[in-house]
Amino acid sequence: MKLITAIIKPFKLDDVRQAVADIGVQGITVTEVQGFGRQRGHTELYRGAEYRVDFLPKTKIELAVDDSIAEQVVEAITNVARTGKIGDGKIFVINLEQAVRIRTGETGVEAV
Amino acid sequence: MKRSLSTSRVLICLWSVVLLALTFLGSEMTLAQETTPPAEATATEAAAAPAEAAPAEAAAAEAAPAAAPVCGDKGFECNKGDIAWMMTSTAFVLFMTVPGLALFYSGMVRTKNALSTVMQSFTIFCVVAVLWVIYGYSAAFTAGDTPFIGSLSKFFMAGSGPGAVAATFSKGIYLPDYVYCMFQLTFAAITVALICGGYAERLKFSAMLIFSVLWFTFSYLPIAHMVWYWDGPDAYTTAEAAATANSHAGFLFAKGAIDFAGGTVVHINAGIAALVGALVCGKRNGYGRVSFAPHSLMLSAIGTGMLWMGWFGFNAGSALEATGGAGLAFFNTLFGTAVAGVAWAGTEWLIKGKPSLLGICSGIVAGLVAITPAAGFVGPMGALIICAVAGVVCLFAATKLKAVLGYDDALDAFGVHCVGGIIGAIGTGIFVNPALGGTGVYDYVANAVGAFDAAAQLKAQLWAVGTSLVWSGFVAFVVLMLLKVTIGLRPSDEAQEEGLDLSDHGERAYNL
């Protein structure tokens, strides 16, 4: 199993959800996050008081998938979330040791 | 714990002093009232005995001038349209503070201080309203021994009643005293609430409250008396009568300073106190390091709209009658304000590259402030120039001047209200000139617009500006320094970090 974490532009969330659902992903977890990468922040100006905003709002998606479709999922997210402009985000893939469905106690691939 | 205990002890002491003072003054008033009836009785007896010699009657009449006129008496006309408009205006001005100003200010502070900022305006309104009825109205709007403050002859509305009258700006036309008192109440309350903008986010509630009560008593009341108190138009019959009447009038009124709706009394007065507040309280923790970005400009925008709407009561209501003069004030309050909104946001666009919502809201408020003293005195051209200047100069005061001098006037109460008020007060002196489209200054002896002396008028306006700056600044400084060495001004650093909403009120603005 793989745990895929994708940091994407917030407005791409619906497209990404649709794309991974089409591949057969059963569920995802979404978090609103802030961060910085190569994309620069912006400045805000309130009556002359200038504030640099270095952390930009992004959306973090986490999904646990079977090894067999991991590659496909990464590809789908990459395709859908890309705008070609700086700040499109990143995808991290790590090995997942165990998964448990709390309601039934199922484990492993059955649980994701 | 120890700190909060001592604070509450000080509060209890202060409250006791206020109660004692009220009891004392109250009993004195009761005595004064008790001494009056005999005179009335004499008058009645004299009237009941017409057989007595005429001089006795005359003497009795002189002895009892307090046979107070009521609405509808000959020469004391009360107009239903005026009364309806003034009650409407009063409710409008209430709406400016509760919740207009509260939301305008609250939107500009951080989330953790949003509720306490609303709380300040609401509390100030209620407390000042109570004090106004008890002694404020009397101290501001009765003749006193000096031209600086009135008397306590109307303590807790003594001698007033539903039929009692208050002067307007027309001979023979009066308003019910209760209506005039409530109208003026809303002005006193918003003035004290305006100061919150200077010390926002860092003055603890108890200190804020004591400061507000003392500043209201020792700065608002004297300045309102000095600028606005007069015997009314009916006292100005002949040159000699006018001289006598002027000797009763407020210090600045007698100097000829004109202030239609409160440029000096409200805006300069509050604005300079806010600057002193910002300086004595010191900067907010983290100034220049932490982001103080407004938590909701939407709230500020809503508040701005409420202020603008309410300001029609403030300015057009200050005509005290539903006349063409009120119409002029209404016109200027709409037109001039729009000019200032365009001026501020437009200048921002030119200089910073982006016009901002906070900018147009600030411009609108700056315009409202600047047109306040001028509203019923200047024509469209005067309003255009005063408000265009205010829109641009207040922008620089709130951005550049503040940055250069380094004071933390958190919500620009000084930059907008004091600076805008000064522009308005001086602009009024210039553009009231009939030659420049103004109304001129009415001469109640001649019953016509008097000859206009531009230099004298400007001098009178400068007197008003200078007096309110010095008086209010001094009172604010003394009161704040006293509080600083007694109960302290600021909550602990942890409390400020946590936010005043939780530390002072145990509530959060948003439980989302």
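Annotations for the structure displayed:
- Identity of the residue in segment A:29-50, within 14 Å of chain B (Cβ to nearest Cβ) and surrounded by fewer than 15 Cβ atoms within 10 Å (Cβ to Cβ), that ends up nearest to residue B:401 (Cα to Cα): A:50
- Of the residues making up segment B:183-195, those that are more than 9 Å from residue B:137 (Cβ to Cβ) and hydrophobic (A, V, I, L, M, F, W, C) are B:183, B:187, B:189, B:190, B:192, B:193, B:194, B:195.
- Criterion violated by residue B:297 - all others in (1) under 26 Å from residue B:367 (Cα atoms); (2) within 14 Å of chain A (Cβ to nearest Cβ); (3) out of contact with any Gly (no Cβ under 8 Å at 6 or more places or on another chain) satisfied: (3)
- Restricting attention to segment B:352-386, the residues being closer than 16 Å to residue B:436 by Cβ and open to solvent by 50 Å² or more (accessible area, probe 1.4 Å) number 4.
Conditions tested, residue by residue: (1) in contact with a helix residue (DSSP H, G or I) (Cβ under 6 Å, 6 or more places away or on another chain); (2) closer than 25 Å to residue B:79 by Cβ.
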{"site": "B:318", "(1), (2)": "no, yes"}
{"site": "B:343", "(1), (2)": "yes, no"}
{"site": "B:372", "(1), (2)": "yes, yes"}
{"site": "B:404", "(1), (2)": "no, no"}
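- Against the list (1) open to solvent by less than 10 Å² (accessible area, probe 1.4 Å); (2) within 14 Å of chain A (Cβ to nearest Cβ), the condition residue B:402 fails is (1).
- Unmet criterion (only one of (1) under 17 Å from residue B:267 (Cα atoms); (2) open to solvent by 10 Å² or more (accessible area, probe 1.4 Å)) for residue B:429: (2)
- Looking at B:76, B:148, just one residue is at pLDDT 95 or above and in contact with a strand residue (DSSP E or B) (Cβ under 6 Å, 6 or more places away or on another chain), and that residue is B:76.
- Among the residues of segment A:10-27, the one identified as open to solvent by less than 30 Å² (accessible area, probe 1.4 Å) and outside any helix (DSSP H, G or I) is A:25.
- Residues (under 17 Å from residue B:428 (Cβ atoms) and open to solvent by less than 60 Å² (accessible area, probe 1.4 Å)) located in segment B:327-336: B:328, B:329, B:332, B:333, B:336
- Number of the condition not met by residue B:410 [criteria: (1) closer than 29 Å to residue A:48 by Cβ; (2) more than 14 Å from chain A (Cβ to nearest Cβ); (3) hydrophobic (A, V, I, L, M, F, W, C); (4) within 22 Å of the chain's Cα centre (by Cα)]: (2)
- Annotation note: of B:346, B:379, B:341, B:367, the sole residue that is at pLDDT 95 or above, over 26 Å from the mean Cα position of the chain (by Cα) and not acidic (Asp, Glu) is B:346.
- Residue match in segment B:214-233 (condition: assigned to a helix (DSSP H, G or I), over 20 Å from the mean Cα position of the chain (by Cα) and more than 14 Å from chain A (Cβ to nearest Cβ)): yes
- Selection of segment B:149-178 for residues being under 19 Å from the mean Cα position of the chain (by Cα), assigned to a helix (DSSP H, G or I) and surrounded by fewer than 22 Cβ atoms within 10 Å (Cβ to Cβ) yields only B:178.
- Complete set of residues in segment B:293-326 that are open to solvent by less than 10 Å² (accessible area, probe 1.4 Å) and aromatic (Phe, Trp, Tyr): B:311, B:314
- Residues being outside any strand (DSSP E or B), within 14 Å of another protein chain (Cβ to nearest Cβ) and either open to solvent by less than 40 Å² (accessible area, probe 1.4 Å) or among the small types (Gly, Ala, Ser) (or both) - total across segment A:51-84: 0
- Put simply, of B:387, B:394 the only residue that is at pLDDT 95 or above, away from every other protein chain (no Cβ under 12 Å) and either under 25 Å from the mean Cα position of the chain (by Cα) or part of a loop (DSSP other than H, G, I, E, B) (or both) is B:387.
- Close pairs (7 angstrom Cβ cut-off, 6 or more residues apart or separate chains): over 19 Å from residue A:25 (Cβ atoms) in segment A:86-112, in a loop (DSSP other than H, G, I, E, B) and open to solvent by 80 Å² or more (accessible area, probe 1.4 Å) anywhere: A:86/A:38; A:88/A:82
- Within segment B:442-488, tally of residues that are touching a Phe, Trp or Tyr at 6+ places or on another chain (Cβ under 7 Å), within 24 Å of residue B:171 (Cβ to Cβ) and crowded, with 20+ Cβ neighbours inside 10 Å: 1
- Complete set of residues in segment B:487-508 that are under 18 Å from residue B:198 (Cβ atoms) and of a type in the set (Lys, Arg): B:490
- Qualifying residue in segment A:63-72 (condition: of a type in the set (Gly, Ala, Ser), touching a helix residue (DSSP H, G or I) at 6+ places or on another chain (Cβ under 6 Å) and in contact (Cβ under 8 Å) with a residue 60 or more places away in the chain): no
- Selection from segment B:332-381 of residues that are part of a helix (DSSP H, G or I), of a type in the set (Phe, Trp, Tyr) and either within 14 Å of chain A (Cβ to nearest Cβ) or touching a Phe, Trp or Tyr at 6+ places or on another chain (Cβ under 9 Å) (or both): B:344, B:349
- Sole residue being touching a strand residue (DSSP E or B) at 6+ places or on another chain (Cβ under 7 Å) and either open to solvent by less than 10 Å² (accessible area, probe 1.4 Å) or under 26 Å from residue B:252 (Cα atoms) (or both), chosen from B:139, B:143, B:129, B:102: B:139
The values are calculated or read from the model by the stated rules, or taken from the named source; none is laboratory data. Computed from a prediction, not measured in an experiment: that's the story for all the values here. Because the Cβ atoms are built from the backbone with ideal geometry, glycine has one as well, and the counts that use them run over all protein chains shown. Calculation scope for accessible area: heavy atoms of the full protein, side chains included, ligands and nucleic acids excluded. Shrake-Rupley method; radii C 1.70, N 1.55, O 1.52, S 1.80 Å.
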